[in-house]
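Read-outs throughout are calculated quantities, based only on the coordinates presented, and are distinct from any laboratory measurement. What you see is a predicted model; the values in this text were computed from it and never measured. Positions of Cβ are generated from backbone atoms using ideal geometry, with glycine treated the same way; all protein chains shown enter the neighbour counts.
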Amino acid sequence: MLKKPIHARRLGLGAAALALLSIATTACDSGNKSDSSKSEGLEHLQFQFGASTAGAETANVIIAKYLGYYKQQGIDADFAFAGNANVAENIALLKQNKAQIGFVQANPLLNSAAAGKPLGIQMICNTVPFGVVKIVVPENSGIHDIKDLVGKKVGVSNVADVNIPYIKAAMQRAGVSSSSTKFAAIGTGAVQIPALRHGVVDAVAATMNYPVAALAAQNGFRILPDPPGTENILGPGLAAVPSWVASHKTLAAKALLAANEGTVFAMANPEATVRILWKMYPASKPAGMSDKAALAQVVPLLKARLKVMTMPAGKPFCNFDQAEWQTTVSYLGLQDKIKDYTPFYTNEFVQKSNDFDAAAIREQAKNFKLP
């Protein structure tokens, strides 16, 4: 087993935005956990992803299974993909223990608590240390900043998209009302492209579960400047039910460690990461393309995704700063209702989830050859 702390610049975990509705797992080996994992003495754990299938946005966490990182930690990891569901359904999955670790944004936790209805979910790993949403528009659009969204139709993943409150708050802080702005549910990722190109919506709120820069660059779109004050707002993070965390601390720490190892591997060898993903999920490879053409399309998406997960120098994987929570609370206008941020997150697993030899992982990635 690989040990030793990371000393280089850190990268956050993958898979961003929400963990979702169904547990229709499509992972390779996912249907065989009851027999194989028990016979090997492995403890089962399911991740829930806010995407409809495996892709560049989830690759780094997933390929850790193929590489044996979870198994080295005594874990039989599975991955579920469900598409676009609302936060309540996501929370229900975790509370029903149908998934143990999921991906959420901070704002639904904060908004619900401010309304006196805490969701009972705790973030256990900071995965995207900055930014919450990017607004993408056609190159020739008359929309140039957040204020120009007045009276426009903005495409979002679903009607309960966690980014809607941020957009409304940004418009309010810019001195304009969002009351005439319409939010249309169009899904996430590639399905957003035709909706924007054909004028179904005027702009798209591209969430972190799709590499926004790549989306814009490849399709003749542009990204609006980030609204002032959003630099230190929390992005997506891994979350779990506190009672599950309390009774599964070792399992949680080991799962985060293995996923972090997968991220280090992905950054060191993006092409191998994509090839592993295709081997695990053949349907994730773009159809009707040669390997060369498909790699040319997918590898830049993975690199873009990894870039937004890059942690500031000296900051370890999974670590939350209280200042980030304070900024997020203030941006949402909840500072008078939420004074204590500690119920919403824990840094308990930072040290153990970073206790591996990153240099050894990079060397493995550099020399890796897919059988």
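For the pairs Lys168/Lys279; Lys168/Lys307; Lys98/Lys366; Lys315/Lys337; Lys95/Lys315, flag any whose C-alpha to C-alpha distance is greater than 32 Å.
Over 32 Å Cα-Cα: Lys168/Lys279; Lys98/Lys366.
Å³ per residue of the Cα convex hull, for segment 212-308?
150 Å³
List the aspartates and glutamates whose Cα sits under 16 Å from the Cα of Lys303, skipping any in the same chain fewer than 8 residues away.
Cross-link targets: Glu57, Glu271.
Along the Cα→Cβ direction, 7 angstrom out, place labels at Gln326 and Ala287. What is the inter-label distance in nm?
5.2 nm
Search the structure for amide H atoms under 5 Å from the amide H of Ala184, placed 1.01 Å from N in the peptide plane, and list their residues when 5 or more places away or on another chain.
Amide H neighbours of Ala184, under 5 Å, 5+ apart: Val154, Gly155, Val156.
Nearest 0.05, what FRET efficiency do Ser180 and Thr342 give at R0 = 45 Å with Cβ-Cβ as r?
It comes to 0.70.
So what's the Cα pair-distance distribution over segment 87-127, bin width 10 Å, in %?
P(r) over segment 87-127, rounded to whole percents: 28, 59, 13.
Using the 10 angstrom Cβ neighbour count as an exposure proxy, how do Cys318, Cys125 rank, fewest first?
Working: Cys318 31, Cys125 28.
Exposure proxy ranking, most exposed first: Cys125, Cys318.
Highest mean first, what order results for 291-300, 271-280 on Cβ atoms within 10 Å?
Highest-to-lowest ranking by the protection proxy: 271-280, 291-300.
Mind giving me the nanometre distance, one decimal, between the label points for Lys279 and Val150, set 7 Å out from Cα along Cα→Cβ?
Once both label points are built, they end up 5.6 nm from each other.
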